[in-house]
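Notes to accompany the following structure.
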Amino acid sequence: MKIKVLFDKEALNSSLCCGWGVSFLADDKVLFDTGEKGSYLSENIKSLGVDVEKIEAVIISHDHWDHWGGLWDLLKVNNKMPVFICPNFSREFKDRAKELGANLIEIEKQVQITPGIFSTGEIAGAYHGKYMPEQALVLKTKNGVNIITGCAHPGIIKIIDKVKNKFPDEQIYAVLGGFHLKEADRRAVEIIAGNFKEIGVKKAGPTHCSGETAQEIFKACYGADFISVSVGQTIEI
């Protein structure tokens, strides 16, 4: 299965837009998050030759602007695809989505989106002392189970453990996305990278809110199995 990076903080070349937030397209049909701004996402979609009409579903990891910012422009092009969200999303978000004709689906537990592609369902988390639940994307491939996170507010290890409990006989092949370690001290990041290895995660790709320290530590820890994430990249899992 292939994952196309449609938005992130770095890009493969200057013709692609980058900024805050993430957006990943799995198997050309399930979009996970939409980045910070509609015009940025739309420009990248055009540059990368993505057919919006073929996107079958959108999953928004959590209720932060840099993860749903591009959704509104996307819905103006294709509002037939269901949008999967956590139940706690704001009334303002839900009203705006419905005004644009979106079919909002609120999910609490793990659900299959398309064959081999799942949402973890809502996982409890916190951000600056406030409740901030989040869902992650799970992709089941020939190599095992893969996890894509938006910001990992519940804690990246907590998310991995939840997925492992649901797929106990599968290897966790790749984990990528925002790990929310930007403000963590070096020792804490080293422990988490060690936990990845103990769990048996084969490949790791921290980006977005993971921070430079985490990228440095995971790259040293994973070597050739480190995934460097940039807009325009296609990741084979």
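Here, each number is a calculation from the coordinates, and none is a lab measurement. On a predicted model such as this, the values are computed, not experimentally measured, just so you know. Cβ placement follows ideal geometry from the backbone for every residue including glycine, while neighbour counts extend to all protein chains displayed.
Laid out as a table, the results:
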item	result
Cβ-Cβ FRET estimate between residue 76 and residue 183, R0 fixed at 30 Å, reported to 0.05	0.25
Two-site FRET efficiency, residue 47 against residue 236, from Cβ-Cβ distance with R₀ of 22 Å, rounded to 0.05	0.60
Additional length obtainable on full extension of the chain from residue 169 to residue 100, 0.36 nm per residue less Cα span	20.7 nm
Spin-label zone in segment 152-191 - amide nitrogen under 15 Å from a point set 7 Å from the Cα of residue 112 along the C-beta vector	167
Value of [θ]222 nm, deg cm²/dmol, for the chain, DSSP H segments ≥ 4, -39500 (n - 2.57) each, nearest 500	-8000 deg cm²/dmol
Contact order relative to length of segment 15-76, as percent, for alpha carbon pairs under 8 angstrom and 6 or more apart	40 percent
Residue with peak Gaussian network fluctuation, the chain [Cα springs, cutoff 10 Å], from 18, 151, 221	221
Label-zone membership for segment 177-193, site residue 220, 7 angstrom Cα→C-beta point, backbone N under 16 Å	184-193
Spin-label pair residue 92/residue 12, simplified geometry with 7 Å Cα→Cβ offset, distance in nm	3.7 nm
